[in-house]
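The values are calculated or read from the model by the stated rules, or taken from the named source; none is laboratory data. What you are looking at is a predicted structure, and each value in this text was computed from that prediction instead of being measured. Here Cβ is always computed from backbone atoms with ideal geometry, including for glycine, and neighbour counts include all displayed protein chains. These area figures cover heavy atoms from the full protein model, side chains too; ligands, DNA and RNA do not enter into them. Shrake-Rupley method; radii C 1.70, N 1.55, O 1.52, S 1.80 Å.
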Amino acid sequence: MVNLDSLWKEALSRLSAKIHAIGFEVWVQRLEPVCFVKNTLVLAAPSDVSKKTIEARYKDTIAEEVIESAKSTAGVSVAGVEIIREDEKEEYLNRQDEALPDTGFIIKDAAADPRDTLFSFNKKYTFDNFIVGSSNEFAAAAAKAVADCPGTKFNPLFIYGGVGLGKTHMMHAIGNYIQKNKPQIKVLYVSTNSFLNEYLDVIRQSNNSELNRKFREKYRLVDVLMLDDIQYTAGKDGVQEAIFHIFNDLHHMNKQIIFSSDRPPKDIAHLSERLRTRFTWGLTVDIQPPDLETRIAILEEKAKQEGFFLTPEVAHFIAENAESNVRDMEGLLNKVIFYSSLSGHPVSTVAAAREALKDIIDVPRDTIDANDIIFFTCKYFNISTADITGKKKNKEIVEPRMIAIYLITEMLSLPLVTIGGYFGGRDHTTVIHARDKIAEGLKTNPKLRIQLQDIKDMLLHR
Ligand code: ADP
Ligand code: MG
């Protein structure tokens, strides 16, 4: 029997690592597990806005983690999640599945031997529908080269980039490509979290030699091994050691290893030096947030897949409202498609798109002003507005000040002198310096990226 609360607790702990802090706190953590209906976990949201936001932005990730958690903690498969409003709880409780897992709604996974079965890659993620732009062209070329000739060059391939920028898509594209074009090559993909859980199982049952053997073989009898989100091994010495040995064995046999991470190897804290070095033996490539043009091309591709006619102005509107995360941008598109199907009128103008997305893009950008940005930046860093606009030069103030300036230049179209005016009459060269410094930092500093995203989220969802 799956225990609802412990399943949700496990899923939450995984989600906390996947969703940025504010989104997690404001939306995801407030969900309450209610029951199972048709093998689907029903979660109640405290309000309608929260339900809609979660559906648009986080539902897929939540479902992924719930499915994974159910599989790894109880060995059962769950179909997905449904988000409801708190006042609908009663109705769902009446409809809940009464059958116990082994008799019905939760079906036990067949104990498959991975060596005998093909890993099943998500067919939606291919090279063909991965849009290449200047932000990801190097990574895409490397992935393609590795898929063409695994184990010969770029070994390992280390792909890093922010959340929702296409790392997992790229790995599945490699897998799909190999399975289609070189079916004799055994390719295995595993998320670091699943690997971690598997490893912990092996440790817990250290006297189960069969399990031990299977684990060893599973990861050594492959030609291509992909480990997604390797940053989650930070601080976990045992699992790092296991990966180290698997790496050595595979590399020695010229088998391809591919890692992904949300940050470059040098920024993964608490990582053994010998593993860090190995990550960089081959080729390290990054994926940056796509520019406006690429975002629009991605939207067009996704709309095409859904058979939805997307007008250029709606594409532009959506792309402008989702700058740093393609997954979030897809959420907006899905909402527009959903709204069109509900209302029977395809959303084709900016006004209609704004209406369709009004609960998600809560505060239209044109109602945000410089004072809002200063206010929320201060709130985020817990400093006073007098300090941020004043003369202080210590790091704790200077950095937030530069961030606020950057956000103002990025989100509002104000003359540089006016921006300087908000910061005690600083001149335009100071504004340019701050803006460029943060823009430069964003290229290499994932923490900064997260901070900016968090502040923007506070601004847009206040
Ligand atoms: P990550 O693993 O980096 O967090 P994902 O691979 O899960 O990100 O991508 C999130 C979503 O964005 C997926 O649906 C993916 O298809 C889409 N996506 C990201 N980048 C692109 C791209 N360049 N072209 C097409 N789709 C993309
Ligand atoms: Mg991913």
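Quick rundown of the values:
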{"item": "Folded to 0 to 90 degrees: helix 395-411 orientation relative to the chain principal axis, Cα", "result": "80"}
{"item": "Label-point gap, in nm, between S413 and E355 - each point 7 angstrom along Cα→Cβ", "result": "2.6"}
{"item": "Relative packing of 157-168, 207-218, 295-306, which averages over residues the other C-beta atoms within 10 Å, highest first", "result": "157-168, 295-306, 207-218"}
{"item": "Local electrostatic count, H270, Cβ distance below 14 Å [Lys/Arg +1, Asp/Glu -1]", "result": "+1"}
{"item": "Principal-axis tilt of helix 326-343 within the chain, Cα atoms, nearest 10 degrees", "result": "80"}
{"item": "Residues of region 365-460: accessible area per residue with a 1.4 Å probe, Å²", "result": "51"}
{"item": "Residues listed by number, region 268-293, amide nitrogen under 14 Å from E320 label point at 7 Å toward C-beta", "result": "292-293"}
{"item": "Percent carbon-and-sulfur accessible area, region 2-107, ignoring ligands, DNA and RNA, probe 1.4 Å", "result": "47"}
{"item": "Ranked packing of 367-376, 393-402, most packed first, by mean Cβ within 10 Å", "result": "367-376, 393-402"}
{"item": "Hz values of 3J(HN,Hα) by residue in region 38-48 - Karplus curve (6.51, -1.76, 1.60), Gly and Pro given as x", "result": "6, 6, 10, 7, 8, 10, 9, 9, x, 8, 5"}
{"item": "Rounded to the nearest 10 Å², the accessible area of H345 at probe 1.4 Å", "result": "130"}
{"item": "Projected-area average for region 303-356 over all orientations - Cα convex hull basis, square nanometres", "result": "3.3"}
{"item": "Where labels lie 7 Å past Cα in the beta-carbon direction, separation of A17 and E217 in nm", "result": "2.8"}
{"item": "Portion, in percent, of the accessible area of region 130-184 that falls on carbon or sulfur, probe 1.4 Å", "result": "56"}
{"item": "Set K236/K437; K395/K443; K51/K124; K335/K437; K9/K52; K236/K379 screened for pairs whose C-alpha atoms are more than 24 Å apart", "result": "K236/K437; K51/K124; K335/K437; K236/K379"}
{"item": "Degrees, to the nearest 10: 192-204 long Cα axis against longest axis of the chain", "result": "40"}
{"item": "Sequence ranges 142-155, 78-91, 269-282, ranked by mean other-Cβ count within 10 angstrom, highest first", "result": "142-155, 78-91, 269-282"}
{"item": "Kirkwood-based shape ratio for the chain, expressed as Rg/Rh from alpha carbons", "result": "0.98"}
{"item": "Cα-based radius of gyration of region 2-107 once divided by 2.2 N^0.38 Å, which approximates compact folds", "result": "1.00"}
{"item": "Percent of Cα-Cα distances greater than 23 Å, calculated over region 114-287", "result": "36"}
{"item": "Region 1-48: C-alpha gyration tensor shape, a/c 1.5 cut-off, then a/b vs b/c", "result": "oblate"}
